[in-house]
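Enquirer: Input: one structure, supplied below.
The values are calculated or read from the model by the stated rules, or taken from the named source; none is laboratory data. Please read these numbers as outputs of a predicted model, since none were measured by experiment. Cβ: placed from backbone, ideal geometry, glycine included. Neighbour counts: every protein chain shown.
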Amino acid sequence: MSVLVYTESEKGKFKKTALEVASYAKSVADQLGTTVTAISINADNTAELGTYGVSKVLQVKDAKLDTFNAKTFASVIKQAAEKEGSKVVVLSQTADSKYLAPILAVNLDAGYASNVVEAPSSTSPFTVKRTAFTNKAFNFTSIGTDVKIVGLSNNSFGLKEHPANAAAEVFSPIIPENGVHVDSVDMASNKVSIADAEIVVSGGRGLKGPENWGMIEELANVLGAATACSKPVSDLGWRPHSEHVGQTGKPVASNLYIAVGISGAIQHLAGINASKVKVVINNDPEAPFFKAADYGVVGDAFEVVPKLTEKLKEFKAQNA
Amino acid sequence: MKILVCISHVPDTTSKINFTDNDTKFDTNGVQFVINPNDEFGLTRAMWFKEKQGATVDVANVGGPETEPTLRKALAIGADGAIRVNAPATDGYAVAKQLANVVKDGGYDLVIAGRESIDYNGGMVPGMLAELIGANFVTNCISLEVDGNNAKAVREIDGGKETVSTTLPLVIGGQKGLVEESDLRIPNMRGIMMARQKPLKVMEPISANVETSSVKFEKPAPKGAVKLVSPDNLDELIALLHNEAKVI
Ligand SMILES: Cc1cc2nc3c(=O)[nH]c(=O)nc-3n(C[C@H](O)[C@H](O)[C@H](O)COP(=O)(O)OP(=O)(O)OC[C@H]3O[C@@H](n4cnc5c(N)ncnc54)[C@H](O)[C@@H]3O)c2cc1C
Ligand SMILES: Nc1ncnc2c1ncn2[C@@H]1O[C@H](COP(=O)(O)O)[C@@H](O)[C@H]1O
């Protein structure tokens, strides 16, 4: 009956989103009067999950699962849910978890709510709040099936400590063959990814050309931030497609989003609105972004950004 | 090759979002509906297959009669035929079950859907559809090549990309990158005229349980006014981000 949570890891270490979904699962389990079981795949330090309220970990270790595969991972999670008799399965909304969730839903014949941002507002009927219309609104969705899958938006619930003793149990599911083979993986080298980033520094057409991105990268470096861009910037080939954020690009839900030379078109804002704090740097005080931002600097990016970077370096040195 | 492109009918990206009936219904008043942008990329890629490799391309939507102009637009862009399953698109799983029936009925080998719809952003239908029909599935797809029964695709992942090989039958969740922005087609007069002659078949739905239902909508709380900081006083910005917003 326990709530099952899939805790994603990378190179043996739990991702931050894994700890967040564990925190969330604990809160759901409290509402339902049950406990949390995690399913971990090729992760090492399972005890870490105890801090966030997990009392049991089904630990799978198998070299066949070193490379992510949606169908295979969905099958492993399904077997764990059946073993635990779980009625609620909690996932994050990383690219991988979003990929496997619909497959898992069909296999468990479960209703699935994605982009959930809060603990259930009711458990009977089981009702969750999710974003809709690309962050322009919220929707309360109730799931009527016996088994329910909740996809928790990244960085929406936060980490909540609930010390428990995460007892690890070796779990050896059947690992099915499947028809999609990964030939190669190409990771942008030593860069923070937009999905994982706490801070994102984003540049728009106001930066005039790709040769001016050095200052965006420097600002991002000081902050340990990911870099992103508006759609025209990637359409013009100034920056790679993978950096395009917004309604038709990657969604951003960071703690801090800094927009430089971006006008703040509705399609851009839709994709980044889930960020908690927004800063805009733009030389046009009428730019729509000022209506959406928390903090703003009306000024020329070519002066403001390098100055801000210098000041942040000093600040970091003092607060180190 | 027989290709089915799944088209969801969504409010134009500039639409103001409002609700009626005590916040239980989306207010379509004054809202312009379009082909979901992710599906438009997919449709454009499908046209490429049709023209370069030979394929028939049908489009399908699950929805009421109000979605037909969107399907006609897809026909004007170049699809050969359209299918509308006459059922409200309330739940991703239910939509996937209807589409699975369309795929079985039409014997399609490649189904191109979008990564997500920009209205409910479910990101559910393509994966569910693939599983229901026993097809391979690749989502966040930014490149797709098909050679006979074999396919190669590139999928965007957090922090990078991944190249995969697979076989038909295949369902993909496409997005920007699948084709270049400049490849998107605006229907011309000839296309629009021809679309009137093309078949738009209405299928009655099969019975399917509704697994999830919308209870009500809510708008985000109104935001306070922006705090402006002078470009000559960036220390203040840093202090605000540190002490007030607590994000650095
Ligand atoms: C279907 C559809 C989907 C879309 N999806 C997206 C999406 O996902 N993401 C997205 O970003 N856009 C999207 N768009 C495009 C969107 O409508 C805007 O065109 C785009 O966001 C504008 O990008 P920008 O702000 O970089 O450029 P611009 O609108 O050209 O704005 C540049 C800004 O830079 C400022 N500026 C100029 N010089 C300086 C300087 N020296 N210092 C400081 N500021 C300066 C200007 O004042 C201006 O505000 C979409 C559009 C459509 C139709
Ligand atoms: N009502 C629908 N009719 C046809 N295709 C749909 C429908 N809803 C979703 N799809 C397809 O599934 C994709 C993802 O949608 P969603 O799961 O709703 O985010 C869309 O881009 C479409 O290709």
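Enquirer: What is the residue count in segment A:129-163 for residues that are out of contact with any strand residue (DSSP E or B) (no Cβ under 8 Å at 6 or more places or on another chain) and over 15 Å from A:Glu118 (Cα atoms)?
Expert: So the first thing to find is which residues in segment A:129-163 are out of contact with any strand residue (DSSP E or B) (no Cβ under 8 Å at 6 or more places or on another chain), and the list is A:134-136, A:146, A:154-155, A:157-163.
When the remaining residues are screened for being over 15 Å from A:Glu118 (Cα atoms), the result is A:134, A:136, A:146, A:161-163.
The number of residues fulfilling the criteria is 6.
Enquirer: Residues of segment A:23-56 being closer than 14 Å to A:Ser86 by Cβ and in contact with a Leu (Cβ under 7 Å, 6 or more places away or on another chain), which ones?
Expert: A:Thr37, A:Ala38, A:Ile39
Enquirer: Being of a type in the set (Ser, Thr, Tyr), within 30 Å of A:Leu4 (Cβ to Cβ) and touching a residue at least 12 places away in the same chain (Cβ under 8 Å) narrows it down to one of A:Ser254, A:Ser230, A:Ser202, so name that one. Reasoning before the result, please.
Expert: Details: A:Ser230 fails: within 30 Å of A:Leu4 (Cβ to Cβ); A:Ser202 fails: within 30 Å of A:Leu4 (Cβ to Cβ).
That would be A:Ser254, the only listed residue that is of a type in the set (Ser, Thr, Tyr), within 30 Å of A:Leu4 (Cβ to Cβ) and touching a residue at least 12 places away in the same chain (Cβ under 8 Å).
For every residue, the table says whether it meets (1) touching a Gly at 6+ places or on another chain (Cβ under 9 Å); (2) over 14 Å from A:Ile262 (Cβ atoms).
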| residue | (1), (2) |
| --- | --- |
| A:Val192 | yes, yes |
| A:Gly204 | yes, no |
| A:Glu211 | no, yes |
| A:Glu217 | no, yes |
| A:Gly224 | no, yes |
| A:Ala228 | yes, no |
| A:Pro232 | yes, no |
| A:Arg239 | yes, no |
| A:Gln247 | yes, no |
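Enquirer: Restricting to segment A:55-75, name every residue that is touching an Asp or Glu at 6+ places or on another chain (Cβ under 9 Å) and under 26 Å from A:Leu32 (Cα atoms).
Expert: Passing the criteria: A:Lys56, A:Val57, A:Leu58, A:Gln59, A:Ala74.
Enquirer: When you look at A:Tyr295, is it buried (at least 20 other Cβ atoms within 10 Å of the Cβ), over 30 Å from B:Val34 (Cβ atoms) and either touching a residue at least 40 places away in the same chain (Cβ under 8 Å) or more than 16 Å from ligand 2 (Cβ to nearest atom) (or both), yes or no? Write out each step before concluding.
Expert: Details: buried (at least 20 other Cβ atoms within 10 Å of the Cβ): yes; over 30 Å from B:Val34 (Cβ atoms): yes; either touching a residue at least 40 places away in the same chain (Cβ under 8 Å) or more than 16 Å from ligand 2 (Cβ to nearest atom) (or both): yes.
Considered against the rule, which asks whether it is buried (at least 20 other Cβ atoms within 10 Å of the Cβ), over 30 Å from B:Val34 (Cβ atoms) and either touching a residue at least 40 places away in the same chain (Cβ under 8 Å) or more than 16 Å from ligand 2 (Cβ to nearest atom) (or both), A:Tyr295 comes out as yes.
Enquirer: Looking only at segment B:111-143, count every residue that is away from ligand 1 (no atom under 16 Å from the Cβ) and surrounded by fewer than 24 Cβ atoms within 10 Å (Cβ to Cβ) and tell me the total.
Expert: The qualifying residues number 7.
Yes or no, residue by residue, for (1) β-branched (Val, Ile, Thr); (2) out of contact with any Gly (no Cβ under 9 Å at 6 or more places or on another chain):
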{"position": "B:Ser143", "(1), (2)": "no, no"}
{"position": "B:Asn150", "(1), (2)": "no, yes"}
{"position": "B:Val154", "(1), (2)": "yes, no"}
{"position": "B:Thr163", "(1), (2)": "yes, yes"}
{"position": "B:Thr167", "(1), (2)": "yes, no"}
{"position": "B:Val179", "(1), (2)": "yes, no"}
{"position": "B:Asp183", "(1), (2)": "no, yes"}
{"position": "B:Ile192", "(1), (2)": "yes, yes"}
{"position": "B:Leu200", "(1), (2)": "no, no"}
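Enquirer: Is it true that some residue in segment B:24-37 is under 25 Å from B:Asn140 (Cα atoms), assigned to a helix (DSSP H, G or I) and away from ligand 2 (no atom under 12 Å from the Cβ)?
Expert: Taking segment B:24-37 as the starting set, the residues that turn out to be under 25 Å from B:Asn140 (Cα atoms) are B:33-37.
Then keep just the ones that are assigned to a helix (DSSP H, G or I); that gives B:37.
Still in the list and also away from ligand 2 (no atom under 12 Å from the Cβ): none.
Within segment B:24-37, not a single residue is under 25 Å from B:Asn140 (Cα atoms), assigned to a helix (DSSP H, G or I) and away from ligand 2 (no atom under 12 Å from the Cβ).
Enquirer: Just the residues that are surrounded by 13 or more Cβ atoms within 10 Å (Cβ to Cβ) and more than 16 Å from ligand 1 (Cβ to nearest atom), please, taken from segment B:1-24.
Expert: Within segment B:1-24, B:Met1, B:Lys2, B:Ile3, B:Leu4, B:Val5, B:Cys6, B:Asn18, B:Phe19, B:Asp23 qualify.
Enquirer: Among what's in segment A:70-93 and is assigned to a loop (DSSP other than H, G, I, E, B) and buried (at least 23 other Cβ atoms within 10 Å of the Cβ), pick the residue that is nearest to the other protein chains (Cβ to nearest Cβ).
Expert: To start, the set of residues in segment A:70-93 that are assigned to a loop (DSSP other than H, G, I, E, B) comprises A:85-87, A:92-93.
With buried (at least 23 other Cβ atoms within 10 Å of the Cβ) added as a condition, the list becomes A:86, A:92-93.
Numbers: A:Ser86: 17, A:Ser92: 10, A:Gln93: 8 Å.
It comes out as A:Gln93.
Enquirer: Are there any strands (runs of 3 or more DSSP E) wholly within segment A:205-286 with 2 or more residues that are more than 16 Å from ligand 2 (Cβ to nearest atom), within 13 Å of chain B (Cβ to nearest Cβ) and farther than 22 Å from B:Ile157 by Cβ, and if so which? So that I can check it myself, show each step before the final result.
Expert: Numbers: elements: A:226-229, A:256-260, A:277-282.
Output list reads A:256-260, A:277-282.
Enquirer: Let me ask you something else. Might you check whether a residue that is buried (at least 17 other Cβ atoms within 10 Å of the Cβ), closer than 30 Å to B:Val146 by Cβ, hydrophobic (A, V, I, L, M, F, W, C) and within 9 Å of another protein chain (Cβ to nearest Cβ) occurs anywhere in segment B:170-184?
Expert: Step one: of segment B:170-184, the residues buried (at least 17 other Cβ atoms within 10 Å of the Cβ) are B:170-179.
Going one step further and asking which of them are closer than 30 Å to B:Val146 by Cβ, we end up with B:170-179.
Filter once more, keeping what is hydrophobic (A, V, I, L, M, F, W, C): B:170-172, B:178-179.
Next, from what is left, pick out any that are within 9 Å of another protein chain (Cβ to nearest Cβ): B:170.
The answer is yes; a qualifying residue exists.
Enquirer: Considering only segment A:111-125, how many residues are within 12 Å of another protein chain (Cβ to nearest Cβ), of a type in the set (Gly, Ala, Ser) and surrounded by fewer than 24 Cβ atoms within 10 Å (Cβ to Cβ)?
Expert: Of the residues in that region, 2 qualify.
Enquirer: Just give me the residues in segment A:260-283 being aliphatic (A, V, I, L, M) and surrounded by 20 or more Cβ atoms within 10 Å (Cβ to Cβ), in sequence order.
Expert: A:Val260, A:Ile262, A:Leu269, A:Ala270, A:Ile272, A:Ala274, A:Val277, A:Val279, A:Val280, A:Ile281
To keep it simple, each residue is scored yes or no on (1) aliphatic (A, V, I, L, M); (2) more than 20 Å from A:Ala29 (Cβ to Cβ).
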position: A:Tyr99; (1), (2): no, yes
position: A:Leu104; (1), (2): yes, no
position: A:Gly111; (1), (2): no, no
position: A:Ala119; (1), (2): yes, no
position: A:Ser122; (1), (2): no, no
position: A:Phe126; (1), (2): no, no
position: A:Phe138; (1), (2): no, yes
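Enquirer: I would also like to ask the following. Evaluate segment B:214-231: report whether one residue or more is surrounded by fewer than 19 Cβ atoms within 10 Å (Cβ to Cβ) and closer than 19 Å to B:Gly123 by Cα.
Expert: Taking every residue of segment B:214-231 in turn, at least one turns out to be surrounded by fewer than 19 Cβ atoms within 10 Å (Cβ to Cβ) and closer than 19 Å to B:Gly123 by Cα.
Enquirer: Please determine whether any residue of segment A:156-164 is facing chain B (nearest Cβ under 8 Å), surrounded by fewer than 24 Cβ atoms within 10 Å (Cβ to Cβ) and in contact (Cβ under 8 Å) with a residue 24 or more places away in the chain. Please lay out each step first, then the result.
Expert: As a first pass, look at segment A:156-164 and keep what is facing chain B (nearest Cβ under 8 Å): none.
Checked against the condition, which is being facing chain B (nearest Cβ under 8 Å), surrounded by fewer than 24 Cβ atoms within 10 Å (Cβ to Cβ) and in contact (Cβ under 8 Å) with a residue 24 or more places away in the chain, segment A:156-164 yields no hits at all.
Enquirer: Hey, among A:Ala168, A:Ala113, which residue is modelled with pLDDT of 95 or more, over 19 Å from the mean Cα position of the chain (by Cα) and in a strand (DSSP E or B)? Break it down stepwise before answering.
Expert: Values: A:Ala113 fails: over 19 Å from the mean Cα position of the chain (by Cα).
Selected residue: A:Ala168, the only one of A:Ala168, A:Ala113 that is modelled with pLDDT of 95 or more, over 19 Å from the mean Cα position of the chain (by Cα) and in a strand (DSSP E or B).
Enquirer: Also, quick follow-up: Pairs needed: first member in segment B:116-129, touching a residue at least 60 places away in the same chain (Cβ under 8 Å) and closer than 13 Å to B:Thr90 by Cα; second member anywhere, aliphatic (A, V, I, L, M) and away from ligand 1 (no atom under 16 Å from the Cβ); C-beta distance under 6 Å; at least 6 residues apart or different chains.
Expert: Short answer, once both residue conditions are applied: B:Val125/B:Val95; B:Val125/B:Ala96.
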